[in-house]
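Down below is the structure, laid out as structure tokens.
The values are calculated or read from the model by the stated rules, or taken from the named source; none is laboratory data. Since we're looking at a predicted model, the values are computed, not measured. So basically every Cβ, Gly included, is an ideal-geometry build from the backbone, and we count neighbours across all protein chains shown. Quick note on the areas: whole protein, heavy atoms, side chains included, nothing else; ligands and nucleic acids left out. Shrake-Rupley method; radii C 1.70, N 1.55, O 1.52, S 1.80 Å.
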Amino acid sequence: MAVMTEIRWHGRGGQGAKTAALLTGEAMMSTGFHVQAFPEYGPERRGAPVQTFNRISDQPITLHCNVSNPKIVVVLDDTLLEAVDCAAGVLDGGVVIVNTKVPADAIRARMKAPAGVRVSCLDASGIAVETIGKDIPNTPMLGALMAASGLLKIDELLRDTKKRLEKKFASKPEVIEGNIKAIEKAYQAMAKETA
């Protein structure tokens with residue numbers, strides 16, 4: 001029987017939601033899983049709400065539609081909680097991970113998360129500014145996702161992500177190093193929260 005995990009990412013244009021979904025898919029694929037990673041957006045501009053999706057399975061994936069009932073939701077910007085129903089369709093026993101400084105109980109109430117859904121929060125923007133020098137929370141949230149979900153071990157994630165970033169940022173080693181540090185720091189912080 002196939003086991004599939006569906007993830008929905010909510011972000012704003014320019015925050016790296018599409019890149020995070022792609023990095024998630026590539027990292028999972030490198031460990032033998034079947035994956036999908038795709039965005040949903042139209043002519044939106046920087047700052048407009050965007051969604052991206054992942055499907056991860058131990059068997060080939062035949063679905064070709066958006067993710068309506070995710071097991072995991074990742075929210076890169078807590079201002080989206082008023083603009084978008086980020087908890088819509090999340091499965092019982094699922095998790096919503098939000099980039100915010102606000103405590104999880106307050107976020108749960110704000111987003112009206114169902115009782116059977118865990119809400120975890122992390123200041124990914126703060127981690128990004130500290131490690132990368134810019135408020136681009138996608139890689140810290142990637143680390144938080146893996147810590148909260150257990151989909152990949154940190155060393156598997158770091159190895160594959162570093163390889164992908166080295167291709168894209170070969171002439172900018174500081175960008176690679178900053179993003180790797182961001183993933184590690186967020187992973188450790190989320191692992192403590194969910195322990």
Consider the candidate values [x] 134; [y] 148; [z] 117; state which one is volume of the Cα convex hull per residue in Å³ computed from the structure displayed.
[z]
Inter-site label distance for residue 110 and residue 29 at 7 Å from Cα along Cβ, in nm
3.5
Per 0.36 nm of contour for each residue apart, how much would the distance between residue 92 and residue 153 grow if the chain were fully extended, relative to their Cα-Cα spacing?
19.6 nm
Figure the gain on full extension for residue 135 and residue 172 (residue separation times 0.36 nm, minus the Cα-Cα span) and round it to one decimal in nm.
11.6 nm
If amide H atoms are built 1.01 Å from N in the plane of the peptide, which residues on other chains or at least 5 residues away come under 5 Å of the amide H of residue 94?
118
Rounded Å value of the spacing that divides the Cα centres of the range 140-159 and the range 57-128
16
Pick out, in residue order, every one of the trypsin sites (Lys or Arg not before Pro) in the range 1-58 that is DSSP loop and has at most 16 other C-beta atoms within 10 Å; say none if there are none.
45, 46
Selected from 96, 175, 73 as most flexible by GNM, with the chain as the system and alpha-carbon contacts under 10 Å:
175
Expressed as a percent, the accessible surface of the range 64-155 that is carbon or sulfur, using a 1.4 Å probe and the full set of protein chains, is 54
Calculate the FRET efficiency for residue 65 and residue 3 from the Cβ-Cβ distance with a Förster distance of 30 Å, rounded to the nearest 0.05.
0.95
Write down the percent of antiparallel bridges among all DSSP beta bridges whose residues are both part of the chain, to the nearest 5.
55
Treat every Asp and Glu Cβ in the chain as -1 and every Lys and Arg Cβ as +1, leave all other atoms uncharged, and give the resulting dipole magnitude about the Cα centre to the nearest 20 debye.
260
Once you've got the Cα coordinates, tell me which of 18/168; 153/192; 163/192; 112/153 are over 22 Å apart.
163/192; 112/153
Cα shape, the range 1-99, gyration tensor, a/c 1.5 rule
prolate
Among 161-174, 102-115, 141-154, how do they line up by average Cβ neighbours within 10 Å per residue, starting with the highest?
141-154, 102-115, 161-174
Quote the relative contact order of the chain in percent (integer), defining contacts as alpha-carbon pairs under 8 Å separated by 6+ residues.
20
Probe 1.4 Å, heavy atoms of protein chains only: per residue, the accessible area of the range 61-195 in Å² is 49
Rounded to the nearest 500 deg cm²/dmol, what is the calculated helix-only ellipticity per residue at 222 nm for the chain, with -39500 (n - 2.57) per DSSP H run of length n ≥ 4?
-13000 deg cm²/dmol
